[in-house]
Amino acid sequence: MAAPPEFERVILDTRSVARVVPDGVFDAFAWSASSTLEWQRPIAWDATTQLSPDLPERLLFVFREDVDWLPRELAHYHAPKFGFTTEMILAPYAIDDATDLLYERRTSAASLMYLATDNLNALFWALHDWSHFHHHGPFEERAWTEFQCDLSALLWMHDNRERISLSTSQWSRLLEEVGVITRKRFQEEGKEAPSVTREAVFALATPRAFL
Ligand SMILES: [Zn+2]
């Protein structure tokens, strides 16, 4: 069996963002102030994967300590080459549970978990999930909820582009890929989709909402 790859820890800046979706999409927007996400990655990681709307591979939110009130699974089972032994992760199906339970307990995600992943697709979805963990909503307006989280992820990817080694053209490609996913989500709800543009992303960086 190959030796576990070498890892490094990177602190990603995940600053607070403005709400850019209509009133009522969230019932407690920014109940938890987002600041950073600690990311453990192999030194050789894949910054080229395309975005996929399917469940991302090797996206691990690793618990810093024993957390018995969230669904858990063994880290090793999901990423055998990450060097984990007995560490537990948030079960990949339990993003919504975590969004609800973190809010109920008023517990910040960063105090409980760090991220381990090795590919760009999973990093994008991890940042998207990170957004969920800081804003609570009933998830009735699914397309709008996801839109806010997608734009947050895009802004944070841009903010951290040097740490991620993401080129401008790679980021622009992400923007287009998110646009495709967004249009599909809104179409499924029979609604007109908002545009996924640089301007839409950077509107999150201002301390006000446009709606
Ligand atoms: Zn989501």
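Any read-out appearing in this document is the output of simple, stated calculations on the displayed coordinates, not a laboratory observation. The structure displayed is predicted, hence computed values, not measured ones. Cβ coordinates were reconstructed from backbone atoms using ideal geometry, including for glycine residues, and neighbour counts include every protein chain displayed.
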Between S108 and F139, what is the label-to-label distance in nm when each label sits 7 Å out along the Cα-to-Cβ direction?
2.5 nm
Hey, what do the phi angles of segment 49-61 turn into as Karplus ³J(HN,Hα) couplings, whole Hz, using 6.51/-1.76/1.60 and θ = phi - 60°, x for Gly and Pro?
4, 7, 5, 10, x, 6, 4, x, 8, 6, 10, 10, 9
Under a Gaussian network model of the chain whose springs join Cα atoms within less than 10 Å, the largest fluctuation of S169, S108, S16 belongs to S169
Given 10 °C and 1.306 mPa s, compute D for the chain with the Stokes-Einstein relation, Rh being the Kirkwood radius over Cα pairs; round to the nearest whole µm²/s.
91 µm²/s
Listed by chain and number, the residues whose amide H is under 5 Å from that of R72, excluding neighbours fewer than 5 places away on the same chain and using placed H, are A91
Once exposed loop chymotrypsin sites (Phe, Trp or Tyr not before Pro) are cut out (DSSP; at most 15 other Cβ, 10 Å), longest piece of the chain:
140-209
